[in-house]
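Enquirer: Got a structure for you, written out below as structure tokens; questions coming shortly.
The values are calculated or read from the model by the stated rules, or taken from the named source; none is laboratory data. Just so you know, these numbers come straight off a predicted model, no measurement behind them. As a convention, Cβ positions derive from the backbone with ideal geometry for all residues, glycine included, and neighbour counts pool all protein chains shown. Just the protein is used for accessible areas: all its heavy atoms, side chains included, with ligands, DNA and RNA removed. Shrake-Rupley method; radii C 1.70, N 1.55, O 1.52, S 1.80 Å.
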Amino acid sequence: MADSGVVVVTGAGTGIGRASCETLADGGFAVAALGRRLDRLEGYKTEGTIVGYACDVRDPAAVEHCIGEITESMGDVRGLVNAAGIIIEQPITEVTPADIRSQFATNFDAVVTMIVQCLPGLRHTHGSIVNFSTMLTRRPLPNATIYTATKGAIEAFGRGAAAELAPDRIRVNTIVPSLVRSQIYIDAGMAPEAYDAMLLDLERLFPLGRVGEPIDVAGLVRFLISDESSWITGIEIPVDGGRGVG
Ligand SMILES: NC(=O)c1ccc[n+]([C@@H]2O[C@H](COP(=O)([O-])OP(=O)(O)OC[C@H]3O[C@@H](n4cnc5c(N)ncnc54)[C@H](OP(=O)(O)O)[C@@H]3O)[C@@H](O)[C@H]2O)c1
């Protein structure tokens, strides 16, 4: 049987968020796709429903307005996928307080804002929340300490939120991807050629012989949002091409 209900996906224009929107819509969910750039929120490859909403998830008033609009026009939120994320690559000695604040504002604070605004719908629907950490929390690399810390916070928050929201039958799980081809480093200022060279160089770290593609993660997102996972909450699931055993 096809899934149904409204799923809000942040970071929906590119990378893992975009592939998640398509996989969720293919599965029967109606998807509200959030990102700052509306032009990224189009051209999805699916017959299913995906509606784009321009929304900066760092702005609590904008999030409140956007979730209100989604609820009114599409219905109660039954799934929330917090895929918006940023990275600033830098050695610890170059980190400024503004760099710390900026990465936490998008990768952590905004996740809390999204959850709070979606809670009324999630309570009605006994919904499911999916957040994203990174394999760097287990297999660190240099120059990503603050980014990695934001994701460590997300893992801890996810476990606490799962415990707190379980009485409402709302589930919270965290996907822990390793290196997946996306826009995140390019949006951070890396040249596309340098990014491709980095992916090629880092292939050697993965026992399965390649870096990840967004679609490698999207199926797990759909599973965790759907009722197929209705007895799973409060866990972290790596999707890492075997990096954890490499
Ligand atoms: N790719 C990887 O290797 C990897 C590994 C581990 C974990 N992750 C995590 O997976 C998640 C998805 O990342 P991705 O790799 O797919 O990155 P991506 O392609 O860069 O996607 C992130 C999206 O977030 C949106 N975004 C950024 N700031 C936003 C804001 N303030 N408000 C609304 N949208 C915002 C961006 O679009 P706009 O700029 O248009 O808003 C962008 O489309 C992130 O949480 C990331 O940390 C990624």
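Enquirer: Considering each of Arg36, Arg40 in turn, give the residue that is open to solvent by 30 Å² or more (accessible area, probe 1.4 Å) and touching a residue at least 24 places away in the same chain (Cβ under 8 Å).
Expert: Testing whether each residue is open to solvent by 30 Å² or more (accessible area, probe 1.4 Å) and touching a residue at least 24 places away in the same chain (Cβ under 8 Å) leaves just Arg40.
Enquirer: Here's a follow-up. Being out of contact with any His (no Cβ under 9 Å at 6 or more places or on another chain) and either farther than 29 Å from Phe29 by Cβ or among the β-branched types (Val, Ile, Thr) (or both) narrows it down to one of Ala166, Ala162, Ala191, Ala153, so name that one.
Expert: Going through Ala166, Ala162, Ala191, Ala153 in turn, the sole match is Ala191.
Enquirer: Which residues, taken from the stretch 16-27, are within 11 Å of the ligand (Cβ to nearest atom), open to solvent by 20 Å² or more (accessible area, probe 1.4 Å) and in contact with a Ser or Thr (Cβ under 8 Å, 6 or more places away or on another chain)?
Expert: Passing the criteria: only Ile16.
Enquirer: Quick check: anything in the stretch 58-78 within 14 Å of the ligand (Cβ to nearest atom), within 25 Å of Leu179 (Cα to Cα) and β-branched (Val, Ile, Thr)?
Expert: No, the conditions are met nowhere in the stretch 58-78.
Enquirer: Looking only at the stretch 78-105, count how many residues are under 14 Å from the mean Cα position of the chain (by Cα) and either among the charged types (D, E, K, R) or within 30 Å of Ser4 (Cβ to Cβ) (or both).
Expert: Here the count works out to 7.
Enquirer: Something else: Has the stretch 101-108 got any residue that is part of a strand (DSSP E or B) and within 14 Å of the ligand (Cβ to nearest atom)?
Expert: Within the stretch 101-108, none of the residues are part of a strand (DSSP E or B) and within 14 Å of the ligand (Cβ to nearest atom).
Enquirer: Related question: For the stretch 178-209, what are the residues that are touching a helix residue (DSSP H, G or I) at 6+ places or on another chain (Cβ under 8 Å), surrounded by 13 or more Cβ atoms within 10 Å (Cβ to Cβ) and touching a residue at least 12 places away in the same chain (Cβ under 8 Å)?
Expert: Of everything in the stretch 178-209, those that are touching a helix residue (DSSP H, G or I) at 6+ places or on another chain (Cβ under 8 Å), surrounded by 13 or more Cβ atoms within 10 Å (Cβ to Cβ) and touching a residue at least 12 places away in the same chain (Cβ under 8 Å) turn out to be Ser178, Leu179, Val180, Arg181, Ser182, Gln183, Ile184, Tyr185, Met190, Met198, Leu205, Phe206.
Enquirer: Is it fair to say Ala62 is over 22 Å from Phe29 (Cβ atoms), surrounded by fewer than 20 Cβ atoms within 10 Å (Cβ to Cβ) and touching a Cys at 6+ places or on another chain (Cβ under 6 Å)?
Expert: Yes, satisfied.
Enquirer: Just the residues that are acidic (Asp, Glu), in contact (Cβ under 8 Å) with a residue 24 or more places away in the chain and open to solvent by 60 Å² or more (accessible area, probe 1.4 Å), please, taken from the stretch 82-126.
Expert: Scanning the stretch 82-126 gives a single hit, Glu89.
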